[in-house]
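Bear in mind these aren't lab numbers, they're just calculated from the coordinates by the rules spelled out. This is a predicted model, so every value here is computed, not measured. Positions of Cβ are generated from backbone atoms using ideal geometry, with glycine treated the same way; all protein chains shown enter the neighbour counts.
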Amino acid sequence: MKTIKNVLISFSMVFMLSCMDTIELDVKSYEPMVVVDGEINNMDDMQSLRLSITQPYFQSGQKEIIEEAVVNLYENDHLIGTYAYNKEGEYSLEYRGKIGNEYNVEITLPHLAEHTHLSGKVIKSKAEKLESVSEITALRYEFKEESLVFEEGYYLLIDTYDPKGKGNNYRWKVAVNGVVSNDPRHILVMEDDRVDGNLITGLDLTYDPFQEGDEIVVYQQSISNKFYQYLFDIYMQALTQESFFDSPAYNPKSNLISDIPVVGYFNASAYHSASIIMGE
Amino acid sequence: MRKTTLIILLLFLSFGLLEAQQEKMTLSGYVRDASTGEELIGATVLIKGSSEGAITNLYGFYSISLNPGHQTVSVSYLGFESGSFDIDLQADLNFSIELMPANLSLELVEVSAIANDEKILEIGSGIERVSMDQMRKMPKLLGEVDLIRNIQLLPGISTVGEGTSGFNVRGGGADENLILLDEATVFNAAHVMGFFSVFNSDAIKDVIIYKGGLPAQYGGRLSSVLDVRQLEGNSKKIQIKGGIGLLSSRLTVEGPIQKDKTSFLLAGRRSYMDVFTRLSGDEELKNNSLYFYDFNAKVNHKFSDKDRVFLSYYSGNDVMKLGDLFSSSWGNNTMTFRWNHVFNPRLFTNITVTNSNYFYHIIGSHGPDAWDWKSSILNQTFKADAAYFVNPTRTIDFGLQSNMQDYVPGTILPTSEESAVNSIEMAKEHAIESGAYVSWNERINEQWKFELGLRYADFRRLGGTQYIYQDGVMDRDAIIDSVSFARHQTMASYNGLEPRFNLSFTPNKSTAIKASFHRANQFVHLISNTNSPSPIDVWKPSNAYLKPAQVDQVSLGLVRGIKNNNFELVVEGYYKDYRRVLDFKDGARLTFNETLETEVLEGIGRAYGLEASVEKKEGRLTGRISYTLSRSERKVAGINQGEWYRANFDKPHDLSIYGLYQLNKKWDFSANFVMASGRPFTQPIGKYEWDGMVLPVMGERNAHRIPTYHRLDVSANLNPEGKRGSWSFGLYNVYARRNAYSIFFRQQEASPQTEAVRLSILGSVIPSVTYNFKF
């Protein structure tokens, strides 16, 4: 993944005469869609899922949440439980996912006064298998001085391994002092096509260099082929749109099925985490 | 009644006998530049007092059949003084002509009635010839005379944006243009990602672009042929010329090895950004590199007026290095051997053998994903062409060619012990593309002419692995089997007839109405889902699943010379009907994918438009105004709900204005103004929050358009009298227009609010100074 990033960014930076500025644009047509944002994992005791409605792109203000939907979780096609509504569009269920099982959700929307055409509609997710994930064997850092290519600071490196057999995909989330970046250009995913069965040593997970004393927690998660593709599509579009080599934009392929427009993803992942303090 | 009929029959017979007894003689030869000996392509040769005439072919040769007796031959070529010669034709005559370059006289060059009527004389439409002299005087980016940038000022030719490699002709993709350098194929004609082309103007003699009515001798691409011919080398005297600019410098040495028999040309150009970095005191900066170079070489020998051989070579490369982190290099090498042989004054032949190699090499040398990636395309062609001048009204062109293609899509190797990357070698691909053609050019009478051609194209994909998909579902997960083919076994083959037709009606010497039709197949595809081609894009030959694309193009146009052809008005409309064009699934994975057919979608396309231009050719002020109104659309199942959508390079409006003013012998000034519709893009219509990120909901593909592009460039050229050097001063983008290359969308920093951002590539005025010398 960094391969393509390096190639595209490097090619694009050849001519330093480019500039950027904001402009005003109108949205000519817009149709609200339901957003499903949820995951089941083997790490948390409480699993959560969020439901909301999309907004016109340039509109400011709070997102529109969906309350009182019925959200059921299935494990290998058997009903496990129904999520309880908390607040602000968030639903939770006390359950911990198990490796090797397939999970999906079924959501029945409530009456929505502002979007009656969405009321009572059903959304299902395609089953996702909760695959195991290899451990982070080491977390390290490397301090780099200011240079043409690197900013000064601490760079985070991890060691891990990929089991033999293709189809193991990874995502890393890096919490810096408890905060995970919400920039889609900072999505860190990898498939094992090129590294199948190998030790992975010194993989750089830094998007912005860290400061001394930063508390870092790295979450290494297993992701399915389809979820890898979903995240990779978000990442590549966010990354390349500022370069010479942008592609026609499109909506990443969701695993949600409904007869109404719906976006988002419901995935199943195993986690392993490790932590380090920069400079110590 | 019977007596009348008999008399009429006798009259016809006697007329026929008279015709048979009046045997035609052939006048043939070459038209050359008197100062350098270079053959002039497209020079006009006319016989005064008759409608007989010819245009010199791609090798500067002409042939006309005439009645014996006294004839006056008038020869003209833009930028040269016209010549008029009296001859007494009693037998076939080899008559080669030399024309002097026009001097910089303050008086208007006398406009000959026969001057500049090439477009009226030739049968085909959609043909553009580029004047190298004019190109050198036009405003330049960073002082670089650039062919690809200049042809975009012609009607029907555009680009998706500043600094993009490739160009689009009549709504066709960048891969639909056959680019030839001395008949060798060039796959990527761009330096520095497309800011400049690989063509060193000091080494170029002639450039012809066929936008429609493709002659039968050309095949393999759908939209156009850009035929670039290098200079042969001055056969009269040694000449050294060059230039020093802000970005690059160039040097050309040419001259006779044996006067009027053997000559050579060596031309080099190199940029020098890396020279400055190496001079830096900063150790890290020294370790970076960015440059490009071109090297052209040619030698030719004339055994006699009947036999001539040429050997030409080109090598070019772009190199970029960022310390120890990353390096890349891509380029082209081409070699051409050619033999012209004149069997007799009516039969001209040419044998060409070419070798061209396009390659790139990228190294990422940091950490566990360190790798070394190489890819290349090797193309070897044999061509045999002949032109038979049957009689004064008929010429038959025929020939055949065969092209062997080797594609090495890529090899990735780990570069260090810490690299976790496994070696990957993509399977090499081989193909043979062949063609045979015949073209019948007929002048029916003084007003009607036609060119009827037929090309047979044959393509064979050789060797490799073919995957079998369950129930024909094109998905990697649906592979159920594979079949291996040995190196010389045919995996897939395609062939077909490609009719070519051009018709010209000239009611008078200043007017021509033309119609044309061509069908073309394209057997190799540029696999790229970016809006602009990149150096790492892959070319892929057709296989059992990736079928050849095909186009039918019709056009109808008018050419009108005004005021003794000093002004030329051209209006032409065209329509292109595409079949089996390729587009890609959303999120298509195109690099290192052995099952590319699973990422590709096939559909149809259409492109249509109207081109209009007015050109002033003589006088102190010359120039052209061109306007194109056009549309280019695609329809592909799986994209945009199967509805028609705008192609990435659709540009409804395209206006170019160019002017050159010759103030006096010392100074000339030129200006370009271009204005064009922005390219289409896909805009988000909604947004949502997912996993803490604000993400867009994208609307209909290419339903929006980036803001209109417009730009003014000016230049001034100083030619001091009696000096060997000249200066060229320029301003590119005079009013610093921030033309959008693209529009992208993002969340504001530390806020959930989203915004649209305009990315401009060259958003400021860019000055240039170049010193040119010649001695």
| query | Helix B:2-21 versus the longest principal axis of chain B: what angle, 0 to 90°, nearest 10, using Cα atoms? | reply | 70 degrees
| field | Only Lys, Arg (+1) and Asp, Glu (-1) charged, at Cβ; segment B:127-637 dipole about Cα centre in debye | value | 2580 debye
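What is the ratio of the Cα radius of gyration of the protein assembly as shown to 2.2 N^0.38 Å, where N is its residue count, to two decimals?
Working: Rg = 32.8 Å, N = 1055, 2.2 N^0.38 = 31.0 Å.
It is 1.06.
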| query | Pick from A:N267, A:N76, A:N255: which residue has the top mean-square fluctuation in a GNM of chain A where Cα pairs under 10 Å get a spring? | reply | A:N76
| Furthest towards positive pole of dipole, B:G496, B:G242, B:T354, structure part chain B, Cβ charges | B:G242
| task | Would you work out if chain A is rounded, prolate or oblate? Take a ≥ b ≥ c from the square roots of the eigenvalues of the alpha-carbon gyration tensor; rounded if a/c is under 1.5, else prolate when a/b is larger than b/c, oblate otherwise. | result | oblate
| Angle in degrees between helix A:2-12 and the longest Cα principal axis of chain A, rounded to the nearest 10 | 70 degrees
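Could you tell me the relative contact order of chain B? Use alpha-carbon pairs under 8 Å, at least six residues apart, and round to a whole percent. Don't jump to the answer; show the numbers that get you there.
Values: 2205 pairs, mean separation 79.9, N = 775.
Relative contact order here is 10 percent.
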| task | Mind computing the radius of gyration and Dmax over the alpha-carbon atoms of chain B? Å is fine for both. | result | 27.8, 106
| message | Which one, B:G69, B:L378, B:M135, projects farthest toward the positive side of the charge dipole computed for chain B from Cβ point charges (K/R +1, D/E -1)? | response | B:G69
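Filter B:K211/B:K635; B:K237/B:K306; A:K28/B:K576 down to the pairs with a C-alpha to C-alpha distance above 28 Å, please. Mind showing how you got there, number by number?
Details: B:K211/B:K635 23 Å; B:K237/B:K306 23 Å; A:K28/B:K576 31 Å.
Violating the 28 Å Cα-Cα cut-off are A:K28/B:K576.
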| request: Quick one: dipole size for the protein assembly as shown, taken about the Cα centre, charges +1 on Lys/Arg Cβ and -1 on Asp/Glu Cβ, in debye to the nearest 20. | output: 5100 debye
| note | As straight-line cross-link partners of B:K428, the qualifying aspartates and glutamates (C-alpha separation under 14 Å, not fewer than 8 residues apart within one chain) are B:D406, B:E594
| Angle, helix A:225-240 long axis vs. longest principal axis of chain A, Cα atoms, 0 to 90°, nearest 10? | 60 degrees
| Over chain A, what is the mean sequence separation of C-alpha contacts under 8 Å (at least six apart), divided by residue count, expressed as relative contact order in percent? | 21 percent
| task | Pick out which of A:E102, A:E64, A:E191 has the largest mean-square fluctuation in a Gaussian network model of chain A, springs linking Cα atoms closer than 10 Å. | result | A:E64
| remark: The aspartates and glutamates whose Cα lies under 13 Å from the Cα of B:K563, excluding any fewer than 8 residues away in the same chain, are B:E110, B:D117, B:E615, B:E618
| query | Rounded if a/c is under 1.5, else prolate if a/b beats b/c, else oblate: with a ≥ b ≥ c from the C-alpha gyration tensor eigenvalues square-rooted, which is segment A:72-127? | reply | oblate
| Going by how many other beta carbons lie within 10 Å of each one, how would you line up B:M135, A:M20, fewest first? | A:M20, B:M135
| request: Give the residue from B:Q152, A:L157, A:N86 lying farthest towards the positive end of the charge dipole for the protein assembly as shown; charges sit on Cβ (+1 for Lys and Arg, -1 for Asp and Glu) and the dipole is referred to the Cα centre. | output: B:Q152
| said: Between A:K63, A:K173, A:K98, where does the largest GNM mean-square fluctuation fall for chain A, given springs only between Cα atoms within less than 10 Å? | reply: A:K63
